[in-house]
Amino acid sequence: MLVLHDKATLLHHTVEVVSFKLIKALECPERVEVIVKALENDAAHSVQVLDTTDRDNELTTERLLDKILLQTHDTDYLTHLRTIHENCVSSAMVGEDESVLPECFNVPALTFGNRSSKPPKDLYARTGYYAFDMSTGICKETWTSAVASAGLALEAARLLVQTDASQEQPRRNVLALCRPPGHHCTTKMAGGYCYLNNSVVAVQALRHFRLQATSTPSEPSSLKVAILDLDFHHGNGTQFAFYQDPSVLYVSIHGQDEYPYYSGHEDEIGDGPGTGFNLNLPLAVKAPLEEYLAKLKIATQRIRDFQPQYLVVSLGFDTFHLDPLGNFGVDASGYEAIARTVRESDGLHDIPAAILLEGGYVVEHLGPNMLSFLKGWEQV
Ligand SMILES: [Zn+2]
């Protein structure tokens, strides 16, 4: 298993409103630091550190990542993420070290008739236009970290296609230590600690590299990719991105009636040509591991039937039994069982997989939980 890490992902640090209180965000740099340390102390793994800190952060279409971000998100949303903190600092609305937080949200019920809402001129108001909750504060380094995180997803996709094309055996699996996570943000709204949707970036990047690698030109959308979302929370942003797309199967196991509250229901099965290519498997909070694994078997059977060429795993450790924001009855050894269940499923073992880090907020348990997951994944 190749592990990708970028130190620029550690720069983002912000505050959030949780349970009516303003606190240091639970999604913090230490989450990735402890995972990197655990992997480096484990003889079985090596961490490849990508250094993109000096990357030109200008939003140009010349760079591949910029091109893919423009396929993933609205241009004005990307510009907002990149510039809002600096604009608020120069208007003396926040200090250099403070975060910009949304205040007034773009609720459809506030717009009359067929008038489409526009970004407000007022900077205080504009932060709410591009967010759907108060967990996505923007600090000076947020854009740099979010781009680095998306860059890891892109690099994972590149490596998978490269080794796939050269027919190296066994096919590579790549773990990208993405931070901030990605599966909640939509094309034009941050939310749930997510700013850029890393799994959507991975799919777009797989399409791009695959198109480059194959000699016969084909439609990029003909590539079949399955996304298995194992975070405790439903990946509303990822579901939204591919809801009408039959070439991407999205499967999620998540806490029933939990954040993000308005999506993740069983009857959300896709739309138009995408009907039947979205599978939500909600599970009661605190459900034991056996019930989780039963859902996982349904998920893997659906993926096997879909016969994807690539698998993207949105891996969250907020399914852990002590997590403050999630919890199923999963302890450290449970992650080995979860990974093993995925890999032992008929037809899934040989599919190249990009595993992208999503949530998980009990910092001291993230290292052991990741090692347990990788043990189960690699021993099959
Ligand atoms: Zn989560």
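The values are calculated or read from the model by the stated rules, or taken from the named source; none is laboratory data. Quantities reported herein were computed from a predicted structural model and do not represent experimental measurements. For neighbour counting, all protein chains shown are included, and Cβ atoms are generated from backbone atoms with ideal geometry for every residue, glycine included. For accessibility, only protein heavy atoms count, side chains too; no ligands or nucleic acids. Shrake-Rupley method; radii C 1.70, N 1.55, O 1.52, S 1.80 Å.
Between Y262 and F20, the modelled label-to-label distance comes to 2.3 nm, taking each label 7 Å out from Cα in the direction of the beta carbon. Ignoring chymotrypsin sites (Phe, Trp or Tyr not before Pro) that are buried or in helix or strand per DSSP, and keeping those with at most 11 other beta carbon atoms within 10 Å, what is the longest stretch of the chain between them? Free of exposed loop sites, the longest segment is 113-260. Dipole magnitude for the stretch 225-341: about 360 debye, using +1 per Lys or Arg Cβ and -1 per Asp or Glu Cβ, origin at the Cα centre.
By the helix-only formula, in which each DSSP H run with n ≥ 4 contributes -39500 (n - 2.57) and the sum is divided by residues, the chain has a 222 nm mean residue ellipticity of -11500 deg cm²/dmol. Lysine pair count for the chain with Cα-Cα distance under 17 Å and sequence separation of 8 or more or different chains is 8. Cysteine residues of the chain whose C-beta has no other cysteine C-beta under 4.7 angstrom: C28, C88, C104, C139, C178. Pairs of Cα atoms in the stretch 293-373 fall into 10 Å distance bins, from 0 up to the last occupied one, in shares of 18, 49, 28, 5 percent. Taking label positions 7 Å along the Cα-Cβ direction at both K118 and K286, the computed distance is 5.1 nm, reported to one decimal. The smallest convex shape that holds all Cα atoms of the stretch 1-53, its convex hull, gives 83 Å³ per residue. The charge dipole of the chain, taken about the Cα centre with unit charges on the Cβ atoms of Lys, Arg (+1) and Asp, Glu (-1), comes to about 580 debye, rounded to the nearest 20.
The value of relative contact order for the chain, using C-alpha pairs under 8 Å at least six residues apart, is 17 percent.
Count neighbours as other Cβ atoms within 10 Å of each site's Cβ, and list the trypsin sites (Lys or Arg not before Pro) in the stretch 221-300 that are DSSP loop with at most 12 such neighbours.
Numbers: sites: K224, K286, K295, K297; in loops: K224, K286.
The qualifying sites are K286.
Diffusion coefficient (Stokes-Einstein, Kirkwood radius over C-alpha pairs, 37 °C, 0.692 mPa s) for the chain: 158 µm²/s, rounded to a whole number.
Rolling a 1.4 angstrom probe over the chain with all protein chains present gives an accessible area of which 52% lies on carbon and sulfur atoms. Here the stretch 204-355 has an Rg and Dmax of 15.5, 50 Å, counting Cα atoms alone.
Of the residues S46, S263, S247, the one that moves most in a GNM of the chain with alpha-carbon contacts below 10 Å is S46.
Considering only A92, L206, T186, and ranking their Cα positions along the charge dipole of the chain that arises from unit charges at the beta-carbon of Lys, Arg, Asp and Glu, the one farthest toward the positive end is L206. The calculated FRET efficiency for E98 paired with V363, based on their beta-carbon distance and R0 = 30 Å, is about 0.80.
Out of every Cα pair in the stretch 1-152, what percent are spaced more than 18 Å from each other?
Tail of P(r) above 18 Å: 65 percent of Cα pairs.
The chain: longest stretch without exposed GluC sites (Glu not before Pro) (DSSP loop, at most 11 other Cβ within 10 Å), sites themselves excluded?
267-380
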